[in-house]
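All of the numbers you see were taken from the coordinates with simple rules; none came from a lab. On a predicted model such as this, the values are computed, not experimentally measured, just so you know. Neighbour counts are summed over all protein chains in view; Cβ atoms, including those assigned to glycine, are modelled from backbone coordinates with ideal geometry.
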Amino acid sequence: MEQDAWQTVERLLAWLDGASSVAPETGRLLRMMKLSEEVGEVTEAVIGALGHNPRKGRTHTWEDVQAELCDVIITAMVALRTLTPDAPAVFDAQLRRVARRSGAADPLPLDAEGSRTAGNADGAAPGGAPPGDDRQL
């Protein structure tokens, strides 16, 4: 994930913390709950893009759905950063775990300690590609 995205998340977190009138623990819980609200807005946009509500018809575009999905991602990033100052590393490690589990190529896998490795114990190139194969996602 782009480092400047996480820097923006830091600024959003500072803004939210500065504007909050609730106890820090309550604020953390509310940020987790905010994800459900944002996912609901994605659902509303999809229904509107499909025109599924006969009373309303088409009320949204697929661009609206994209924007709502981005709001979910931003909200999740802020929630994750609320829980840990190491949010970028936590996210990166989880993304790599999911990629490995799915069989997606991982050009720079993590070792057991979470450090980046240059190759695998069996001599394969990063991501499990055969030696000499430098393809990446």
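Just a few scattered comments:
- Close pairs from the stretch 70-89: first in contact (Cβ under 8 Å) with a residue 12 or more places away in the chain, partner among the polar types (S, T, N, Q), Cβ under 8 Å, at least 6 apart: 88/3
- The lone exception for residue 75 - which of (1) among the β-branched types (Val, Ile, Thr); (2) over 24 Å from residue 4 (Cα atoms); (3) surrounded by 15 or more Cβ atoms within 10 Å (Cβ to Cβ) it fails: (2)
- Looking only at residues in the stretch 20-72 that are in a helix (DSSP H, G or I) and among the hydroxyl-bearing types (Ser, Thr, Tyr), the one that is nearest to residue 3 (Cα to Cα) is 36.
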